[in-house]
1. Name the shape class, rounded, prolate or oblate, that the alpha-carbon gyration tensor gives for the stretch 6-106, where a ≥ b ≥ c are the square roots of its eigenvalues, rounded holds for a/c under 1.5, and otherwise prolate holds if a/b is larger than b/c and oblate otherwise.
2. Let me have the 222 nm mean residue ellipticity of the chain computed from DSSP H runs of 4+ only, each contributing -39500 (n - 2.57), with the sum over all residues rounded to the nearest 500.
3. Between the stretch 13-28 and the stretch 43-64, how far is it from one alpha carbon centroid to the other, in angstrom?
4. Quick check of the Kirkwood formula: for the stretch 25-79, what is the inverse mean of 1/r over all pairs of different Cα atoms, in Å?
5. Please give me, ordered by residue number, the GluC sites (Glu not before Pro) of the stretch 10-57 that lie in loop per DSSP and have at most 14 other Cβ atoms within 10 Å.
6. May I ask you to derive the relative contact order of the stretch 6-106, considering only C-alpha pairs under 8 Å and at least 6 residues apart, and to give it as an integer percent?
7. What dipole magnitude, in Debye to the nearest 20, does the chain give about its Cα centre under +1 on Lys/Arg Cβ and -1 on Asp/Glu Cβ?
8. Run the lone-cysteine check on the chain: no other Cys C-beta under 4.7 Å from the residue's C-beta.
Amino acid sequence: MAEDCIFCKIASKEVPSSIVYEDDLVVAFNDIDPQAPVHIVLIPKKHIPTVLNLTHEDQKLVGHMFLVAASLSREQQIAQDGFRLVTNCNRDGGQSVYHLHMHLLGGRSLTWPPG
Ligand code: AMP
Ligand code: ZN
């Protein structure tokens, strides 16, 4: 738990959010500023600032995040049509919250390349 980290506070329920999935390793909640009909943020409960801070110890956790994202896509009925998983990193990636997270975006056709 990092002080002043909004996602740590969401994971500990100190800050309310619209949680759609939780287990011992991760929490998923609806994005407060959705960019698509389905926009879920998936975070590890462990505070890891960016993808650059991952270590080999986190390998299982990262794999778990992908499996949970795939399961959520089915639950949200966007698996068949398709969706996007995004992890922004640092300034040019557009990261605004420095607690590792994956965006699950779907429910509309997404453009490529991103802006
Ligand atoms: P990023 O810009 O990749 O770091 O993504 C951070 C995401 O977290 C943005 O899409 C924000 O809209 C979202 N976000 C920030 N604060 C909250 C919050 N309190 N509850 C839900 N989503 C949030
Ligand atoms: Zn955190």
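1. Working: a/c = 1.30, a/b = 1.26, b/c = 1.03.
Rounded.
2. Details: 3 runs with 27 residues, N = 115.
The helix contribution divided over the chain gives -6500 deg cm²/dmol.
3. Rounded to whole Å, the Cα centres lie 16 Å apart.
4. On the way: mean 1/r = 0.0814 Å⁻¹.
Roughly 12.3 Å, rounded to one decimal.
5. E14
6. Numbers: 141 pairs, mean separation 31.6, N = 101.
Value for the stretch 6-106: 31 percent.
7. Working: 9 positive and 13 negative charges, 43 e Å.
Dipole size: approximately 200 debye.
8. That list is C89.
All of the numbers you see were taken from the coordinates with simple rules; none came from a lab. In this text, all values refer to a predicted model and were calculated from it rather than measured experimentally. Note that each Cβ is placed from the backbone with ideal geometry, even for glycine, and that neighbours are counted across all protein chains shown.
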